[in-house]
Amino acid sequence: MRTRITAAAFVGLATAAATAAAQTYPPMGDRMHSEVPAYPWQGPTELEQQGVPGATPGVPTQRSTELGTAGENDLVRSRHGAVVTQPREALTPMGTRELFADPATAAFAASPDLPPNVEVATVRALPRGGVERYVRLQPGARIPTHWTSSSTELTFLRGETSLVGAASLRTMEPGSFVALEGREVRELDCSARDTCLILVRSAGPLDIHYVGGR
């Protein structure tokens, strides 16, 4: 069965097609590169991707290889302004420079804050007045009950040392470690069998305050 299209119907279809072709629609926006939303009722997008001025499409943005300058990342600079940089700080005593310490070759000396048979050798200075130092006690030597203003860490390297606290007594052997808070009282007694060696690290100035004299 064949369907016949009259001349009037054909003219109507042609008119409808011409009208549709002439109809204009809002352009579809590019959300990745345009600041104008696709349609007015959408409002601004959350993140507008901006093209890099002077960049060739499809060619990666060249970055500066010079560290420590505003041109370190040209892409970030073009979108967000100059890159804020800070000058490199000089190495401090606690910096990244290699440091080798050997108590066998360290320059030990007596300290006016310690008993005569106790010697110290400074390893390095730390921030905020802290210090790392070796403390060497001759066999049978004793550092009477005392406290320090700063917190301290003690690593026992040689000998057998008795650590006497306010309510405790511990025998510290090579490899033992203890962390003490500031103003926490302690007493150190070295065994008569061997010299005792301790690596002391203080968070601040290593001042010694004796309880009841020395």
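Every number here is computed from the coordinates shown, using simple stated rules; none is lab data. Everything numeric in this text was worked out from a predicted model, so none of it was measured. Note: ideal-geometry Cβ built from the backbone for every residue, glycine included; neighbour counts use all protein chains shown.
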task: Between residue 210 and residue 149, with labels modelled 7 Å along Cα→Cβ, what's the label distance in nm to one decimal, could you check?
output: 2.0
query: Considering only the other residues whose Cβ falls under 14 Å of the Cβ of residue 202, what net charge follows from Lys and Arg at +1 and Asp and Glu at -1?
result: 0
- request: Mind sorting 173, 160 by how few other Cβ atoms lie within 10 Å of their own Cβ, fewest first?
  value: 173, 160
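Once the piece of chain linking residue 167 and residue 181 is laid out straight, how much longer is it, given 0.36 nm per residue of separation minus the C-alpha distance between them?
Values: separation 14, 0.36 × 14 = 5.04 nm, distance 1.48 nm.
Full-extension gain reported as 3.6 nm.
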field: Ranked 100, 156, 177, criterion: other C-beta atoms within 10 Å, fewest first
entry: 100, 177, 156
field: Residue exposure sequence - 146, 209 - by fewest surrounding Cβ within 10 Å
entry: 209, 146
message: Per 0.36 nm of contour for each residue apart, how much would the distance between residue 104 and residue 195 grow if the chain were fully extended, relative to their Cα-Cα spacing?
response: 31.5 nm
message: Checking a compactness column here: for region 114-214, what do you get for Rg(Cα) / (2.2 N^0.38 Å), N being the number of residues?
response: 0.98
